Amino acid sequence: MSKPVAHYSASYSAGDLLFVSGQIGIADGSLAEGVENQTAQALSNVQAVLAQNDLTLEHVVKCTVFMTDIDNFAIVNSTYADAFGEHRPSRSAIAVKALPLGALVEIEAIAHTTKP
């Protein structure tokens with residue numbers, strides 16, 4: 001997991017929920033190459049934040065996926081599906097003009113702190 005690039009917490013607990021701030025495909029200070037690799041790294045970063053709170057992707061109940069080009073949806077969706085497997089939390093996918101550090105994808109998540 002990378003250090004936040006602005007003034008925010010990587011996650012915030014409220015009751016039985018953990019809110020994971022948007023994660024981009026950055027590792028060791030560099031963005032991964034291409035939308036597929038950035039999506040995989042963003043999901044890995046989400047997993048790292050969850051792990052710091054003793055949670056996994058199975059605890060996620062909602063994700064929001066931001067991408068700079070909606071034409072990348074199929075690639076993002078395939079990589080996302082590989083990470084989540086049979087678990088299918090609710091999700092929104094939104095095209096945006098730009099993301100921090102020139103990222104192509106950003107993923108935020110909400111997790112329930114008890115496994116469903």
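The values are calculated or read from the model by the stated rules, or taken from the named source; none is laboratory data. Source: prediction; values computed, not measured. Ideal geometry is used to build each Cβ from the backbone, glycine not excepted, and the neighbour counts take in all protein chains shown.
The figures follow:
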{"read-out": "In the range 80-101, the residues that are assigned to a helix (DSSP H, G or I), surrounded by 15 or more Cβ atoms within 10 Å (Cβ to Cβ) and either among the hydrophobic types (A, V, I, L, M, F, W, C) or touching an Asp or Glu at 6+ places or on another chain (Cβ under 9 Å) (or both)", "value": "ALA83, PHE84"}
{"read-out": "Among (1) under 23 Å from TYR8 (Cβ atoms); (2) surrounded by 15 or more Cβ atoms within 10 Å (Cβ to Cβ), the one test that VAL35 misses", "value": "(1)"}
{"read-out": "Any chance LEU43 is touching a residue at least 60 places away in the same chain (Cβ under 8 Å) and either part of a helix (DSSP H, G or I) or crowded, with 20+ Cβ neighbours inside 10 Å (or both)", "value": "yes"}
{"read-out": "Residue list for the range 23-40, filter: of a type in the set (A, V, I, L, M) and touching a residue at least 60 places away in the same chain (Cβ under 8 Å)", "value": "ILE24, ILE26, LEU31, VAL35"}
{"read-out": "Residue match in the range 59-79 (condition: crowded, with 21+ Cβ neighbours inside 10 Å, of a type outside the set (Val, Ile, Thr), under 18 Å from TYR12 (Cβ atoms) and in contact (Cβ under 8 Å) with a residue 24 or more places away in the chain)", "value": "yes"}
{"read-out": "Output for the range 94-116, where each listed residue is under 19 Å from TYR8 (Cβ atoms), among the β-branched types (Val, Ile, Thr) and in contact (Cβ under 8 Å) with a residue 40 or more places away in the chain", "value": "VAL105, ILE107, ILE110"}
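Table: residues versus (1) under 19 Å from LEU104 (Cβ atoms); (2) at pLDDT below 95.
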position	(1), (2)
SER13	no, yes
ALA27	yes, yes
GLN38	yes, no
ASN45	yes, no
GLN52	no, no
THR56	no, no
HIS59	no, no
THR64	yes, no
ASP71	yes, no
